[in-house]
Amino acid sequence: MLEIQGLTKVYGKYKAADGVSFAVGNGEIGILLGPNGAGKSTVIKSIAGLLRYQGKISVKGMDARSIGAKKAFAYVPELPVMYEALTVREHIVFIVHAYHLKVTEDEIQKLLGRFELLDKQDKLGNELSKGMMQKVSICCALIIHPDVILLDEPMVGLDPAAIKELKQVILELKEEGATILISTHMLEMVKELWDIMFVLDKGHVIASYRKSDVKEDDLEELFFHVTDGEHGKEEEGRERGN
Amino acid sequence: MGVKSADYTTFLFLYRKILKNRVKKALHKPVTYVYLVIAVLYFVLIFGSFKITFDVMFAERGIDSASALTVVLTVITFFLVPANLISYGKRKGLVFRQSDIHFLFPAPVNPKGVLLYAHVKTVLLGLLTYFVLSVGGVFWFGMPLWKMFLFFLISCVAENVLEASMMVICYGNERFNRRQMLLFQILIYAVMGIFVVIGIAVYIREGAGLRAVVNYLHSPAIQMVPVVGWFIALVHLLFMGPTTVNIIGSVLYFAAAVFFFLTAVRMKCTGEYYEDAIKFAEDYEEARQKGKKGEVAIAGWKKKYGKATVSYRGSYAKALFYRQLLEYKKNRFFIFGFYTLLCLCAGIGLAVIGKRGDMGEMAPFVILGAMAYLTFIFAAYSGKWGKELAKPYTYLIPDSAFRKLWYATLMEHIRALADGCLLTLPTGIVMGLPFLQMVLIIMVYVCLQACKLYAEVMVEAFLGNILGAVGKQFARLFFEGIVIGFGILGAALGTILFSLEVGLVLLVIVMAGMTAVMMIIASINFERMESVA
């Protein structure tokens, strides 16, 4: 369970997130949508514990900043950055140490195999392409067997086979009862995955939908319905002002 | 500090693997062995020369070795400790990499441990410095081995415990808000200000000179300044013998170390500092990348641009020049920067020396010498041409590589012309040099800078993938040296056989010719988006 209550983040005079509240339950896939500058990155970085914020974020009922919450939480950032002098395999082993996991060699090999990294496991971080880095980043998140996983634009840079594999992995995690939150602009890629969707604009959650409630509606249609409406109102206001 | 042993295993794993892989990779490069030999030779030379330097500075002026060593250690303490404390106060001293942010910050490790992980990088440099000083204490100053060992132990253990604790308190505390942290920064500056006040007092009382500096560094007032001064008191106690002040200072130093350590251990830290650390890591990375390209970069300093327009008077590669002109026009000081200021100061300085009558007939040669010195001493400034190489559209412009190189670097020649004028004209006018001589000297400077520029472009093209930054600098200096060497030969012949003007003309012709050849070779850089090597 991932719960965000009244999340507010201010940069100087600018409110990047203003009282954002939403929750994604166990075994659910939440999608965080919003136009550029909506505040998605701020919300994501706050959940990952990278920013100071006001409000409450809890992972499995624990404060997101607590060690217990962090043990259950995995994060795939939008732009993966590797340790230049660590190999692919050493990145995974590092995560095993950092999260104090009991993982067998077989599990590591299996995971690397799923993302076609077996022959790349001895490559150093600075020898990887962007897509490879993304795959390593995903593997590092998956090796944790997280209860809550946050994926920020996870499909960017991945080849079609990896996208297919990632979707499969996400569904498996859901089956296992994990909470998944995906932030993306690639609506096409997540339309068969989502259970609950949150639309963010100007630091606010302007809409949220459950798939079970809007069976007939397409994700894309819903998104544009909400955001066009918002921008339409804005245009209208501007015209009136003129 | 409340950090679990599992966390230390994690950090140790990171250090071990990173170090092992880096060493393994470096050992595969032949250039590493060259650097190693140079580094060892340099170290041996420097280490040996210090003995002579200290003898000249202290022993010959009747300052005994214990006093001299204490002076040296006090000066080094001034360099190392206050700067660290100020940067910790600003939450800017620790360098995290982007990979730390990705993998380490969200991990379930104690945020205090993450701070210590980053701090170790700083500690290692400090340890090395104190180790060299401890060995140096025996060899340079003839101190007993046990004293230097004790100093090393104290500087390694107590000093690092104290500094690390203060770092954890500054970064990790979540009780004080930004305003309170600002007050803390001011307090640190105020404490450092006491050293300045004491310095002024000593200067007023005793005037300038080595003896006054020694007295200042030994003054009891300095040993009473909190933390930094207390460490200096401890150094005095160890090498100069006990006094009331240094005993009290030393006791306070150890008490402070224990107090700060306990405070750091008890303090709650959930990782709120990550936000500041991320900001600094981003700024630092940006500055590092700029620095790699030879640009002047300070972490956290953002360049401000104004509004400007430019009318493009040409097409194809010429557009590169006009785009650069537009960018420079948006700069606050147009094409001028720190180096321009330096040239102006050097020019005025030379003019003042010339006015005093210390130059005489040698004025043109003094100016040329200053120009050569500045050209050699300052690393090649990549300017905007380096950025052109990183942009794919540069290669897509339908024009020849040579024209692209010329227009991408044209502005650098204009800058060199301006700098050359600033270096030459003040002295030239004051000393009444003939107009032609001044023009020729300025042209020599433009050629010098062009030679430096194209030597760098050429090295970048052919050795860019093989050599590191230092290696490339040596290679550049080598090619520059050849061109300048031939130029000087021509200039000497012209001056001896005819006149200084002919010598300067020959210098310009030889340098311009050879630089043009380098330019043609270097233009390959603009053919495709990769180095030849």
### Task
Go through the residues of segment B:203-211 one by one and say whether even a single one is part of a helix (DSSP H, G or I), at negative phi and among the small types (Gly, Ala, Ser).
no
### Message
List the helices (runs of 4 or more DSSP H) inside segment B:1-108, counting only whole elements, that have at least 1 residues being within 30 Å of B:LEU217 (Cα to Cα) and either over 21 Å from the mean Cα position of the chain (by Cα) or at the interface with chain A (Cβ under 10 Å from one of its Cβ atoms) (or both).
### Response
B:30-57, B:65-89
### Query
Do we find that B:ALA212 is within 21 Å of B:ARG266 (Cβ to Cβ) and surrounded by fewer than 20 Cβ atoms within 10 Å (Cβ to Cβ) in this structure?
no
### Task
Would you please name the residue that is surrounded by the fewest Cβ atoms within 10 Å (Cβ to Cβ), looking only at residues in segment B:383-400 that are touching a Lys or Arg at 6+ places or on another chain (Cβ under 9 Å) and part of a helix (DSSP H, G or I)?
B:ALA390
### Condition met for A:TYR75 (within 7 Å of another protein chain (Cβ to nearest Cβ) and closer than 24 Å to A:MET1 by Cβ)
yes
### Query
Which number in (1) without any contact (Cβ under 8 Å) to a residue 40 or more places away in the chain; (2) surrounded by fewer than 17 Cβ atoms within 10 Å (Cβ to Cβ); (3) farther than 30 Å from B:LYS387 by Cα marks the one condition that B:GLU501 misses?
(1)
### Message
Quick check on this structure: which one of A:LEU50, A:LEU32 is without any contact (Cβ under 8 Å) to a residue 24 or more places away in the chain, among the hydrophobic types (A, V, I, L, M, F, W, C) and either under 30 Å from A:GLU221 (Cβ atoms) or within 14 Å of chain B (Cβ to nearest Cβ) (or both)?
### Response
A:LEU50
### Query
Which ones in segment A:2-16 are outside any strand (DSSP E or B) and on the phi < 0 side of the Ramachandran plot?
A:LYS13
### Task
List the number of the failed condition for A:VAL88; all other conditions in (1) surrounded by fewer than 21 Cβ atoms within 10 Å (Cβ to Cβ); (2) more than 9 Å from chain B (Cβ to nearest Cβ); (3) over 22 Å from B:PRO111 (Cβ atoms) hold.
(1)
### Query
If you go through segment A:191-200 one residue at a time, do you hit one that is touching a Pro at 6+ places or on another chain (Cβ under 8 Å) and crowded, with 18+ Cβ neighbours inside 10 Å?
no
### Task
Could you grab me the full set of residues in segment A:57-72 that are within 9 Å of chain B (Cβ to nearest Cβ) and touching an Asp or Glu at 6+ places or on another chain (Cβ under 7 Å)?
A:ALA69, A:ALA72
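Readers should treat all values here as calculations from the given coordinates under stated rules, not as data from a laboratory. These numbers come from a predicted model, not from an experiment. FYI the Cβ positions are ideal-geometry reconstructions off the backbone, even for glycines, and counts take in every protein chain you see.
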